[in-house]
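**Student:** Dumping the structure here so I can ask a few things about it.
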Amino acid sequence: MFMTKSIGILYICTGPYVLFWKDFYESFEKNFLPSYEKRYYVFTDAEEIFAENNLNVKKIAIEPMPWPLITLFRFSTFLKIEDELNKCDYLMFSNANMICNEIITPEEFLPRKNEVLSVTSHPGYYGKSVIEFPYERRKSSTAYIPWNCGKNYVIGAMFCGTSDAFIKMSKTLKHNIEEDLKKNIIAKWHDESQLNRYIVNKPDVRILEPMYCYPCGMEVSYPKKIYAVSKQAKFDVKTFKGQYSKRQNVLRKYLGILKRKLLLKERFMYLIDTISGAHIEEISDEE
């Protein structure tokens with residue numbers, strides 16, 4: 001007898017981010033893995049959420065935290081319901097402000113044979129040189145990556161895996177983040193830096209193209225399968241709009257000079273790490 005496979009969708013929406021939930025839910029119900037049973041785990045401080053009485057929606061109460069703690073501690077948040085998550089075949093996390101715009105099939109999105117995780121290429125760094133990737137470069141951090149290591153830069157906003165692999169990764173990254181915090185360290189791009197370190201040298205990770213996390217406010221050449229919605233679309237945010245137009249040109253010029261200087265430094269550090277044979281091992285999972 002054929003059994004329908006299931007995927008647990010982990011969704012965090014505290015404060016005003018709950019405003020994105022209805023559109024997210026309706027679009028993913030319609031287009032995301034139509035042949036799969038979808039179970040939504042919504043971590044929120046909202047008293048009520050859209051469709052909370054539906055059988056495939058489970059609301060989990062959490063306290064709001066200031067940024068970047070809400071994103072940094074997401075793996076700890078997931079593990080609050082580890083027993084429940086173990087009942088799913090697959091698990092995925094998505095940022096709150098996403099819309100699934102087209103039909104997404106298991107074959108194109110989920111890990112393939114001999115793979116256990118799927119991660120999404122960061123649209124801002126797709127196709128760029130490794131020395132331009134904003135990896136964590138401090139050796140004191142558990143997310144440290146030498147300049148001559150790494151092949152991809154992935155976004156922290158969209159990833160999935162088998163439930164076993166996803167939970168193991170969550171435990172490992174929770175541990176690594178806590179180890180950094182003991183030393184008063186937060187990795188450069190928080191959980192995203194930790195995720196990028198985690199996948200280095202792992203042969204069982206599928207790297208998806210950026211079409212599964214199409215950026216807000218950018219026109220890029222790949223299809224718009226899953227895309228980010230502007231906060232202004234929900235919050236009516238127009239803070240400082242138009243106030244700094246005269247300063248922007250000066251700022252762009254300064255940033256251009258700074259970027260050129262930084263690129264010289266990055267090439268130098270890449271050369272040093274290459275000559276010295278800097279390397280890192282694959283991260284072993286926490287049990």
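**Student:** By the gyration tensor of its Cα atoms, with a ≥ b ≥ c the square roots of the eigenvalues, what is the shape of the stretch 115-155: rounded for a/c under 1.5, prolate for a/b over b/c, or oblate?
**Tutor:** oblate
**Student:** With θ taken as phi - 60° and the coefficients 6.51, -1.76 and 1.60, list the Karplus ³J(HN,Hα) couplings across the stretch 104-116 in order, rounded to whole Hz; mark glycine and proline as x.
**Tutor:** With coefficients 6.51, -1.76 and 1.60, one gets 10, 9, x, 5, 8, 10, 7, x, 8, 4, 6, 10, 10 Hz.
**Student:** By what distance, in whole Å, do the Cα atoms of the stretch 165-211 stretch along each of the three principal axes, largest value first?
**Tutor:** 34, 21, 18
**Student:** Checking the a/c ratio against 1.5 first, then a/b against b/c, what shape does the Cα gyration tensor give for the stretch 47-94?
**Tutor:** In terms of gyration-tensor shape, oblate.
**Student:** Give me the net charge of CYS213's neighbourhood, meaning all other residues with Cβ under 11 Å from the Cβ of CYS213; Lys, Arg count +1, Asp, Glu -1.
**Tutor:** +1
**Student:** Now, a different point. Tell me, what ³J(HN,Hα) does each residue in the stretch 8-15 have, in order and in whole Hz, if you take phi through Karplus 6.51 cos²θ - 1.76 cosθ + 1.60 with θ = phi - 60° and put x for Gly and Pro?
**Tutor:** x, 9, 8, 9, 10, 8, 9, x
**Student:** Next question, about the same structure. Work out from phi, with θ = phi - 60° and the Karplus expression 6.51 cos²θ - 1.76 cosθ + 1.60, the ³J(HN,Hα) of each residue of the stretch 80-94, listed in order in whole Hz, and give x for Gly and Pro.
**Tutor:** Working through the residues one at a time gives 4, 10, 3, 4, 5, 5, 5, 7, 8, 6, 10, 10, 9, 10, 9 Hz.
**Student:** In vacuum, with every alpha carbon of the stretch 29-139 counted as one equal point scatterer, what does the Debye formula give for log10 I(q)/I(0) at q = 0.10, 0.18, 0.20 Å⁻¹? Two decimals, please.
**Tutor:** -0.41, -1.26, -1.42
**Student:** Is the shape of the stretch 1-75 best called rounded, prolate or oblate, per the rule: a/c under 1.5 gives rounded, else a/b larger than b/c gives prolate, else oblate, with a ≥ b ≥ c the square roots of the Cα gyration tensor eigenvalues?
**Tutor:** It is prolate, given that a/c is not under 1.5 and a/b is the larger ratio.
**Student:** Arranged from highest to lowest average of other beta-carbon atoms within 10 Å per residue, in what order do the peptides 114-124, 198-208 appear?
**Tutor:** 114-124, 198-208
Every read-out reported here was derived from the displayed coordinates using simple, explicitly stated rules and does not represent laboratory data. Worth saying up front: this structure is predicted, and the values here are computed from it rather than measured. Cβ atoms come from the backbone with ideal geometry, glycine included; neighbour counts cover every protein chain shown.
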